[in-house]
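K.L.:
Following this message is one structure expressed as structure tokens.
Values in this text are rule-based calculations from the coordinates and carry no lab data. Computed from a prediction, not measured in an experiment: that's the story for all the values here. Cβ atoms come from the backbone with ideal geometry, glycine included; neighbour counts cover every protein chain shown.
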Amino acid sequence: MTTLFDPITAGDIRLANRIAMAPLTRNRAPDAVPAPMTATYYAQRATAGLLITEATAISHQGQGYANVPGLYAPEQIEGWKRVTEAVHAAGGKIVTQLWHVGRVSHNSLQPDGGAPVAPSAITARTKTYLIHADGSGEFVPTSAPRALDIAELPGIVEDYRRAARAAIEAGFDGIEVHAANGYLIDQFLRAGSNHRNDAYGGSIENRARLLVEVMEAITAEIGAGRTAIRISPVTPANDASDPNPQPLFTYVVEQLARWPLAYVHVVEGATGGARDFQQGDAPFDYAALRAAYARAGGKAAWMVNNGYDRELAEAAVAEGRADIVAFGKAFIANPDLVLRLREKAPLNAWDTSSFYGGSEKGYLDYPTLG
Ligand code: 8OZ
């Protein structure tokens, strides 16, 4: 019987176990450059089979929150090198999550204070996070976006390609495309945010076109075995909505089967919330999604996330419903989560007040066993 503690090969990446650290935004990267303490943070957690970094902007336009890191400037690449070296020295594996927020942004975070970009000029009913000059943080409504001109889309695909190359230069073992949680790629996928009437809107095939082009560019640039993706078929995060997610995401995974990717990462339910969250008329069938991927020839490892505890994760892997399970908040509070799960030891509780922004407190100071 397969357990969480068995190794697995995901594309070109060899994982020592099937426990991944989910991508977690921490807002501790002043000027979008990973701080020195960030190398310590990830290295502390290097016994994970795979670390996935916090979402990392592919461009200035892709930025939507204060103090989140990027991967488009030389000093950012240098900052990430410190992280990957520390993780590799500790025996871990690490990929970075490539992110364009689309409409989930604020004018003050955009180049020249401009409007955030989106498939359509529809404001997301959600908030973003700003940090003021005095260091205080605040959640504020996102700014009204402008619709991207079709002529701008090749430039965005190019930004993804360049960021993937920068990730390899920074020493990452691969990248995960952030196609989840209501950010740019997900905004194109879902009918609620995509009202376009060109080749990137309307039909499912059209709404998935940007995603397919991004995957094509990245896999050609760094190889499919170092490329992964995260999707969240029903999440309402950041005002994401679609009346009929099952056929949409069936088409998405059928397209993903074209490349021998490292893994496909699925957020089940509402991100950080109810696992049985529903959009549309029927509960989402995740087993059918995976079956559609397999039927289309998909070979990547299947990673699941959202509200898993030890029992649920062990059952998912033992019963073959998942190859890898990603843990989020539990990894913030338990740097030695793998050991604790293995020993069935109690977990430290997380402190939500230090999730976003701040110092080493709530970042580097969670205790390990013994
Ligand atoms: C929490 C706060 C800010 C961003 C996501 C990147 O939901 C995020 C995020 C989460 O994927």
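K.L.:
Bin by bin, in steps of 5 Å, what percent of the Cα pairs in segment 1-160 do you find, going until the bin that has the longest distance?
P.N.:
P(r) for segment 1-160, in whole percents per bin: 2, 9, 16, 18, 17, 14, 11, 8, 4, 1, 0, 0.
K.L.:
Work from the charge dipole of the chain (Cβ charges, +1 for Lys and Arg, -1 for Asp and Glu, about the Cα centre) and give the residue of 273, 286, 222 farthest towards its positive end.
P.N.:
Of the listed residues, the answer is 286.
K.L.:
Using the reciprocal of the averaged 1/r over all distinct C-alpha pairs, how large is the Kirkwood radius of the chain in Å?
P.N.:
20.4 Å
K.L.:
Rounded to the nearest angstrom and ordered from largest down, what semi-axes does the equivalent ellipsoid of segment 204-309 get from its C-alpha gyration tensor (root of 5λ)?
P.N.:
23, 15, 13
K.L.:
Helix-only mean residue ellipticity at 222 nm, the chain, DSSP H runs n ≥ 4 weighted -39,500 (n - 2.57), per residue, nearest 500. What is it?
P.N.:
-8500 deg cm²/dmol
K.L.:
How many angstrom separate the Cα center of segment 161-216 from the Cα center of segment 1-37?
P.N.:
Using only Cα atoms, the two centres lie 21 Å from each other.
K.L.:
Just check segment 164-221 against the gyration tensor rule for me: Cα atoms, a ≥ b ≥ c as the square roots of the eigenvalues, rounded for a/c under 1.5, and otherwise prolate or oblate depending on whether a/b exceeds b/c.
P.N.:
Here segment 164-221 falls in the prolate category.
K.L.:
To continue, here is another question. Hey, if you put +1 on the Cβ of every Lys and Arg and -1 on every Asp and Glu Cβ in segment 282-351, which of 315, 348, 331 ends up farthest toward the positive end of that dipole?
P.N.:
Farthest towards the positive pole: 315.
K.L.:
Further question: Any idea how far the Cα center of segment 245-296 sits from the one of segment 326-349, in Å?
P.N.:
26 Å
K.L.:
Continuing with the same structure: Could you count how many Lys pairs in segment 8-354 have their Cα atoms under 22 Å apart, skipping same-chain pairs fewer than 8 positions apart?
P.N.:
Lysine pairs, 8 or more places apart or on different chains, close enough: 5.
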